[in-house]
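See below for the structure under consideration.
The values are calculated or read from the model by the stated rules, or taken from the named source; none is laboratory data. Keep in mind that this is a model prediction, so the values were computed, not measured. Positions of Cβ are generated from backbone atoms using ideal geometry, with glycine treated the same way; all protein chains shown enter the neighbour counts.
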Amino acid sequence: MSFTQIILEKKPPVAKITLNRPEALNALSPTLINELRQALKDIEQDPQIKVLVLTGSGRAFCAGADLKFMAQASQKDLYDYIQSLDEFLFRLECCDKPVIAAVNGYALAGGLELTLCCDLVVASEQAIFGDEHINRGLMPGGGSTMRLPRVIGLRRAKELLYTGDRWDAKRALEAGLVNTVVPPEKLEEAAMGLAQKIATKSGFALRLIKQVVNQSMDSDRETLQTLERAAFNLVVSSPEAQEGLRAFLSKKP
């Protein structure tokens, strides 16, 4: 599979996708979105891959939508573009393998929305986060209004959405937007180390845990308890769970 705007690397059990339009701060062009969709499909279908790391090349993780394209596009093309982006982000969020964002620089607007669809976020000290749609008189189209309040809370989300401000990595960490912040030179090591750690766990259990946790944002408690119990019953009979229980029982008191 050949790509022009991303780099896909597979080193089982971990895969890495690098957004590779550094001259455009990895803005989300139609081509880049299509390549991301193809790469994600490939990863989802690869049984050797258990965790995905997503990052960017150059000074940015992703600076958002391709504004040059948007400024010249017809109304129909804009509609198709936003729908394509939204469909990819939903698919990324629902990917049955854990996804880690390694944010190396700017994560703005659509780039912020990209991080919100990842399970975990490791950020460089140089990372900058913001939803800047309001600064251009625009409305988020990739899910910020839905996902951001769930990640950082309603009032902080409104602050970021209403003001168009940028947050540094420290503020993003305090708000719960990222999991950890590391020096720039340690970013890849930290993200890949976390990916390798998660990859040692049961892929079957991880998949069900992710599904149930994601569902917890949209369901009532009774439904979630039923869903969690059903998932537990599936997992407890799996080979990985049985091996884990035997290992526990074999330990000396």
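Structure data summary
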| item | result |
| --- | --- |
| Qualifying residue in the stretch 90-105 (condition: within 16 Å of A175 (Cβ to Cβ), crowded, with 22+ Cβ neighbours inside 10 Å and either of a type outside the set (G, A, S) or touching a helix residue (DSSP H, G or I) at 6+ places or on another chain (Cβ under 8 Å) (or both)) | yes |
| Where a residue in the stretch 130-158 is under 19 Å from F61 (Cβ atoms) and its partner, wherever it lies, is among the aromatic types (F, W, Y), with Cβ under 7 Å and at least six apart | G130/W167 |
| Selection count, the stretch 22-55, where residues are within 16 Å of M1 (Cβ to Cβ) and in a loop (DSSP other than H, G, I, E, B) | 4 |
| Filtered residues of the stretch 145-186 (kept if within 21 Å of I100 (Cβ to Cβ), modelled with pLDDT of 95 or more and among the basic types (K, R)) | K170, R171, K186 |
| Condition broken by G58, with the remaining ones in (1) at positive phi; (2) part of a helix (DSSP H, G or I); (3) not charged (D, E, K, R) satisfied | (2) |
| Complete set of residues in the stretch 91-113 that are assigned to a helix (DSSP H, G or I) and within 15 Å of A39 (Cα to Cα) | R91, L92, E93 |
| Residue count for the stretch 219-253, restricted to those that are at pLDDT 75 or above, among the acidic types (D, E) and part of a loop (DSSP other than H, G, I, E, B) | 0 |
| Unmet requirement for R246, which otherwise passes all of (1) surrounded by 12 or more Cβ atoms within 10 Å (Cβ to Cβ); (2) of a type in the set (K, R); (3) over 18 Å from the mean Cα position of the chain (by Cα) | (1) |
| Condition broken by K50, with the remaining ones in (1) surrounded by fewer than 19 Cβ atoms within 10 Å (Cβ to Cβ); (2) touching a Pro at 6+ places or on another chain (Cβ under 9 Å) satisfied | (1) |
| In the stretch 26-40, the residues that are surrounded by fewer than 21 Cβ atoms within 10 Å (Cβ to Cβ) and over 15 Å from the mean Cα position of the chain (by Cα) | S29, P30, T31, N34, Q38 |
| Boolean, K210 is surrounded by fewer than 16 Cβ atoms within 10 Å (Cβ to Cβ) and of a type in the set (K, R) | no |
| Top-ranked residue of the stretch 61-79 - restricted to ones that are of a type outside the set (F, W, Y), in a helix (DSSP H, G or I) and surrounded by 13 or more Cβ atoms within 10 Å (Cβ to Cβ), ranked as modelled with the highest pLDDT | D77 |
